[in-house]
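Data block below; observations after.
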Amino acid sequence: MKGVFVTGTDTGIGKTLVSAWLAQHWRADYWKPVQTGALEDSDSDTIAQLAPDARIHPPAYVFKAPLSPHEAARREGARIDLSALIPPAVPGPLVVEGAGGVMVPLNELALMVDLMERLKLPAIVVARTALGTINHTLLTLDLLRRRRVPILGVVLNGQRNPGNRQAIEQFGAVPILAELQPLLAVTAKVIAGLPPPAFHMPES
Ligand SMILES: Nc1ncnc2c1ncn2[C@@H]1O[C@H](COP(=O)(O)OP(=O)(O)OP(=O)(O)O)[C@@H](O)[C@H]1O
Ligand SMILES: C[C@H](N)[C@H](N)CCCCCC(=O)O
Ligand SMILES: [Mg+2]
C-alpha cells in the first residue's frame, strides 16, 4: 500500500486541509477511517469540495457526537473494532486522515496510534506554529517512534515562526515538509493554487 497517514498535534489543527492539499496534488485516494461529529459537513465532504480530483472512500465508522471516537461510539451503543479499519485497496497513493491526535482513544483499549502501528503508513504530523507547538509536536513524534510508526515529517500550519520551526527540526530530528500559511479563503481554487508538495508519496 502506497500512502501516508495524516495525523496532528490536536483536533482542528489542519489535518483535513493538508489532506486536501496532498490528495489534490497527488491525485490520490482519501480515506477517513473514523468520523465523529460534523455529519452535515464531514471531513470527506470537505475533501470532496477542496480536492475534486481525489477519490474519496467512505469512513468505516461515522458517529454523530463531535467527541472522541471511543465516546461518540459508546453514546450510540457501538464500539470501534480495529480489525474493521481496513484501508481501501487502491492502485495509487492513499491519504489516510486520523481523528484528533495520536492518543485519541478508539475504544476502551486502543488509541489512534495503535491503528497507525497496524497500517504502517508513514506519518505526516500537522502542527501549529504558535507557542506550545514544540512540546505538542515532540510528544507526538516521541510516541510514533516508540511504536515504530515511520515518520515522513511535520507540516507546520500557521504564521511563520522560524524559532519554533528550528526547534522542532532540531529536537524532533524531523524534516519540516511544508509550511502552510493562514489562507484568506479555503476553497478548491486556493488548494489547487498552492505549490505542490515538495516531497513524494513514499513507496511503502
Ligand atoms: N492554514 C489555514 N488557513 C485557513 N484556515 C485553516 C488553515 N488550516 C486550517 N484551517 C481551518 O481550520 C479548521 C480546522 O481545520 P481542519 O478541519 O483541517 O482540522 P483537522 O485537524 O482536520 O480537525 P479534525 O481533528 O476534526 O479532523 C477548518 O475550518 C480549516 O479550514
Ligand atoms: C470532533 C472532532 N472534530 C474530531 N472528529 C474528534 C476529535 C477527538 C479529540 C479527542 C481529544 O483529544 O480530546
Ligand atoms: Mg479533519
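The values are calculated or read from the model by the stated rules, or taken from the named source; none is laboratory data. Everything quoted here is computed from the prediction, not taken from an experiment. Glycine gets a Cβ as well: all are built from the backbone with ideal geometry, and neighbour counts include every protein chain shown. These accessible areas exclude ligands, DNA and RNA; they are computed on the full protein's heavy atoms, side chains included. Shrake-Rupley method; radii C 1.70, N 1.55, O 1.52, S 1.80 Å.
Computed values, structure above
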| read-out | value |
| --- | --- |
| Positions within the stretch 147-175 being buried (at least 16 other Cβ atoms within 10 Å of the Cβ) and closer than 22 Å to Leu194 by Cβ, in sequence order | Leu152, Gly153, Val154, Val155, Leu156, Asn157, Gly158, Asn161, Asn164, Arg165, Ile168, Val174 |
| Any chance Ala110 is more than 22 Å from Pro87 (Cα to Cα) and small (Gly, Ala, Ser) | no |
| Test: residue in the stretch 164-172 that is polar (S, T, N, Q) and in a loop (DSSP other than H, G, I, E, B) | no |
| Scan of the stretch 43-64 for residues that are closer than 24 Å to Met103 by Cβ and assigned to a loop (DSSP other than H, G, I, E, B), ordered by number | Pro59, Ala60, Lys64 |
| Odd one out for Gly92, checked against (1) within 16 Å of ligand 3 (Cβ to nearest atom); (2) at pLDDT below 95 | (1) |
| In the stretch 17-37, the residues that are open to solvent by 10 Å² or more (accessible area, probe 1.4 Å) and either within 16 Å of Pro196 (Cα to Cα) or among the aliphatic types (A, V, I, L, M) (or both) | Leu17, Trp21, Gln24, His25, Trp26, Arg27 |
| Close pairs (7 angstrom Cβ cut-off, 6 or more residues apart or separate chains): over 11 Å from Ile13 (Cβ atoms) in the stretch 95-110, part of a loop (DSSP other than H, G, I, E, B) and more than 16 Å from ligand 3 (Cβ to nearest atom) anywhere | Val96/Pro87; Val96/Leu121; Leu106/Ile80; Asn107/Arg79; Asn107/Ile80 |
| Evaluation of Ala185 against (1) assigned to a loop (DSSP other than H, G, I, E, B); (2) touching a residue at least 40 places away in the same chain (Cβ under 8 Å); (3) open to solvent by less than 80 Å² (accessible area, probe 1.4 Å) (one fails), failing number | (2) |
| Single residue of the stretch 43-62 satisfying the filter (under 11 Å from Ser19 (Cα atoms) and of a type in the set (Val, Ile, Thr)) that is least open to solvent (accessible area, probe 1.4 Å) | Ile47 |
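Table: residues versus (1) in a loop (DSSP other than H, G, I, E, B); (2) surrounded by fewer than 15 Cβ atoms within 10 Å (Cβ to Cβ).
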position	(1), (2)
Asp41	yes, yes
Pro66	yes, yes
Glu71	no, yes
Gly77	yes, yes
Ile86	yes, yes
Ala89	yes, yes
Val95	no, no
